[in-house]
Amino acid sequence: MKSFLCFSIVKTDDLEQLIYLLNVLLKKGIIEYYSIQFSNFLHFTKCIIINLQDNTKENILKSFSIIREDIMRLNKEKSINAEFLRENELRSQFINIISNKLDKDTKISIKKKIFIIENNEICQYFKLYSLKFIQENSTESILSIFFNLINDLGIKGILIINFSKLIQGTIIYSCFFVEYFSKINEKENLLNKIEEFISNDLILKEKIMKWNLIGNLLWRLWFFKDYLYFKKTNLIFALNTFVQRENNSNTSNTD
């Protein structure tokens with residue numbers, strides 16, 4: 001039977017409140033999965049990509065209506081400053097994990113472990129990594145270390161934290177990072193720079209690039225076996241610490 005997969009994107013100032021709400025909707029089956037996306041291309045941005053899947057468009061529209069009403073109600077009660085993206089901004093945020101510009105002239109190829117996006121003779125390269133966690137209570141420290149390193153070292157990319165659920169309803173999450181660079185000789189910068197400060201075996205696992213990963217990346221699909229059970233204290237604290245730091249940094253840069 002044909003299945004429809006749709007998405008919506010929300011920006012918010014309060015990840016904690018929205019994560020709690022979305023996890024409730026996830027357990028109810030209203031949401032198929034969702035992802036928190038952090039980008040540091042030009043300035044720090046954070047947004048949540050919500051994915052819906054069903055066999056009928058009517059059910060998807062019904063689910064989206066429930067999601068929108070719940071988020072807007074939370075927005076009114078808790079002032080989380082949630083905003084649903086629309087039209088060009090929605091499309092731009094959705095495809096930016098692969099390229100800021102995709103059209104009929106775009107060429108995509110794979111060379112060794114690197115994806116190459118070529119458009120009008122301008123090439124962009126990217127590699128994919130999963131973040132590894134030694135144990136449940138290492139989430140806060142690993143995320144904090146990684147957040148600090150990619151920003152302090154000037155690494156450009158997008159970090160995705162993907163939330164899903166197991167059959168029994170348990171919420172799980174996994175993290176992966178897409179590194180971007182404009183010159184092919186920069187391809188090992190991330191691993192080399194991180195290894196100067198900490199053993200890379202503790203944080204990153206490089207993924208072999210395959211053609212089927214393009215669709216997975218675009219839809220932010222959970223496709224790694226590396227996952228943790230969601231425990232709000234560790235992950236939420238790490239996210240709040242990171243977001244607060246970036247907000248303070250952006251404020252200082254504009255003074």
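Here are some notes:
- Every condition in (1) assigned to a helix (DSSP H, G or I); (2) free of Cβ contacts under 8 Å to residues at least 12 places away in the same chain; (3) surrounded by 11 or more Cβ atoms within 10 Å (Cβ to Cβ) is met by Ile116 except one, and the failing one is (1).
- Of all residues in the stretch 57-110, those satisfying the criterion of being touching a strand residue (DSSP E or B) at 6+ places or on another chain (Cβ under 7 Å) and among the small types (Gly, Ala, Ser) are Ser63, Ala82, Ser99, Ser109.
- Only residues that are closer than 21 Å to Lys127 by Cα and either of a type in the set (Phe, Trp, Tyr) or assigned to a strand (DSSP E or B) (or both) were counted across the stretch 151-181, and they come to 15.
- For the stretch 158-168, the tally of residues that are surrounded by fewer than 21 Cβ atoms within 10 Å (Cβ to Cβ) and of a type outside the set (A, V, I, L, M) stands at 3.
- Criterion violated by Ile155 - all others in (1) modelled with pLDDT of 80 or more; (2) more than 25 Å from Cys6 (Cβ to Cβ); (3) out of contact with any helix residue (DSSP H, G or I) (no Cβ under 8 Å at 6 or more places or on another chain); (4) of a type in the set (A, V, I, L, M) satisfied: (3)
- Some residue of the stretch 12-20 being in a helix (DSSP H, G or I), within 18 Å of Gly157 (Cβ to Cβ), touching a residue at least 12 places away in the same chain (Cβ under 8 Å) and not small (Gly, Ala, Ser): no
- Residue under evaluation Ile30, criteria (1) free of Cβ contacts under 8 Å to residues at least 40 places away in the same chain; (2) out of contact with any Ser or Thr (no Cβ under 7 Å at 6 or more places or on another chain); (3) surrounded by 15 or more Cβ atoms within 10 Å (Cβ to Cβ), criterion not met: (2)
- Taken over the stretch 1-27, residues that are under 18 Å from the mean Cα position of the chain (by Cα), surrounded by fewer than 17 Cβ atoms within 10 Å (Cβ to Cβ) and under 23 Å from Asp54 (Cβ atoms) amount to 2.
- Among the residues of the stretch 191-206, the one identified as modelled with pLDDT of 75 or more and buried (at least 16 other Cβ atoms within 10 Å of the Cβ) is Leu204.
The values are calculated or read from the model by the stated rules, or taken from the named source; none is laboratory data. On a predicted model such as this, the values are computed, not experimentally measured, just so you know. Glycine also receives a Cβ, built like all others from the backbone with ideal geometry; neighbour counts cover every protein chain displayed.
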